[in-house]
Amino acid sequence: MTDKRKEIIIKEILKAVKDELDSGELVESVFNVLADSFYCEYKYDTYDIDTGYDVSTYPQKTNEHFNPNDYETVGDFLEECTGNTVATYVSGNGIDVERYESIAEETLRNDIWSIADKIFKKHLLNDDCIFRS
């Protein structure tokens with residue numbers, strides 16, 4: 001694949017992402033995931049366990065739903081834990097709670113990769129040089 005061809009694909013991906021941002025589709029996708037969690041999932045508190053060689057943070061279900069009055073901004077909600085745990089891969093820290101911020105990032109990243117994937121496939125399927133080798 002030539003540099004010119006790569007540049008065309010990159011520009012097309014950037015335009016498609018910008019178009020979906022401008023139309024609100026990407027934001028709506030993230031919003032839907034977060035809104036579903038906000039209104040359907042339970043809130044979690046956290047507690048720490050110090051094993052002597054590392055400190056881990058775990059979720060503890062509160063059996064309470066999220067209350068909009070508890071948050072001034074969406075960013076405040078993004079700091080809440082999802083109830084899942086993740087490895088930190090940091091010396092002295094073992095397990096940490098997954099936060100809604102990472103869910104928002106993952107949703108956005110997946111949506112952008114889906115856009116890029118469609119464009120790559122379109123160009124590769126139309127590029128008969130891949131069938132010549």
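Considered as a group, the residues in segment 58-102 that are polar (S, T, N, Q) and closer than 12 Å to Leu34 by Cα include one that is surrounded by the most Cβ atoms within 10 Å (Cβ to Cβ), and that residue is Thr82.
The set of residues in segment 7-49 being outside any helix (DSSP H, G or I) and either of a type in the set (Gly, Ala, Ser) or surrounded by 12 or more Cβ atoms within 10 Å (Cβ to Cβ) (or both) consists of Gly24, Glu41, Tyr42, Lys43, Tyr44, Asp45, Thr46. Considering the conditions (1) part of a helix (DSSP H, G or I); (2) more than 30 Å from Glu7 (Cα to Cα); (3) modelled with pLDDT under 95, Asn69 is excluded by exactly one of them, (3). How about segment 98-119: which of its residues are among the aliphatic types (A, V, I, L, M) and over 10 Å from Val30 (Cα atoms)? Hits for segment 98-119 are Ile112, Ile115, Ala116, Ile119. Check segment 103-123 and report whether any residue there is surrounded by 13 or more Cβ atoms within 10 Å (Cβ to Cβ) and in contact with a strand residue (DSSP E or B) (Cβ under 9 Å, 6 or more places away or on another chain). Within segment 103-123 (the criterion being surrounded by 13 or more Cβ atoms within 10 Å (Cβ to Cβ) and in contact with a strand residue (DSSP E or B) (Cβ under 9 Å, 6 or more places away or on another chain)), the answer is yes, since at least one residue qualifies. Answer yes if at least one residue in segment 43-66 is out of contact with any Gly (no Cβ under 8 Å at 6 or more places or on another chain), within 30 Å of Ile119 (Cβ to Cβ) and of a type in the set (Val, Ile, Thr), and no otherwise. No, there is no match, as no residue in segment 43-66 is out of contact with any Gly (no Cβ under 8 Å at 6 or more places or on another chain), within 30 Å of Ile119 (Cβ to Cβ) and of a type in the set (Val, Ile, Thr).
Here's the yes/no breakdown for (1) in a helix (DSSP H, G or I); (2) β-branched (Val, Ile, Thr); (3) modelled with pLDDT of 95 or more:
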{"position": "Asp76", "(1), (2), (3)": "yes, no, yes"}
{"position": "Asn84", "(1), (2), (3)": "no, no, yes"}
{"position": "Val97", "(1), (2), (3)": "no, yes, yes"}
{"position": "Ser102", "(1), (2), (3)": "yes, no, yes"}
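Checked against (1) touching a Pro at 6+ places or on another chain (Cβ under 6 Å); (2) under 30 Å from Lys4 (Cβ atoms), Tyr44 passes all but a single condition, namely (2). For Ser56, the requirement of being at pLDDT 95 or above, among the hydroxyl-bearing types (Ser, Thr, Tyr) and in a helix (DSSP H, G or I) is not met.
The values are calculated or read from the model by the stated rules, or taken from the named source; none is laboratory data. Everything quoted here is computed from the prediction, not taken from an experiment. We place every Cβ from the backbone using ideal geometry, glycine too, and count neighbours over all the protein chains shown.
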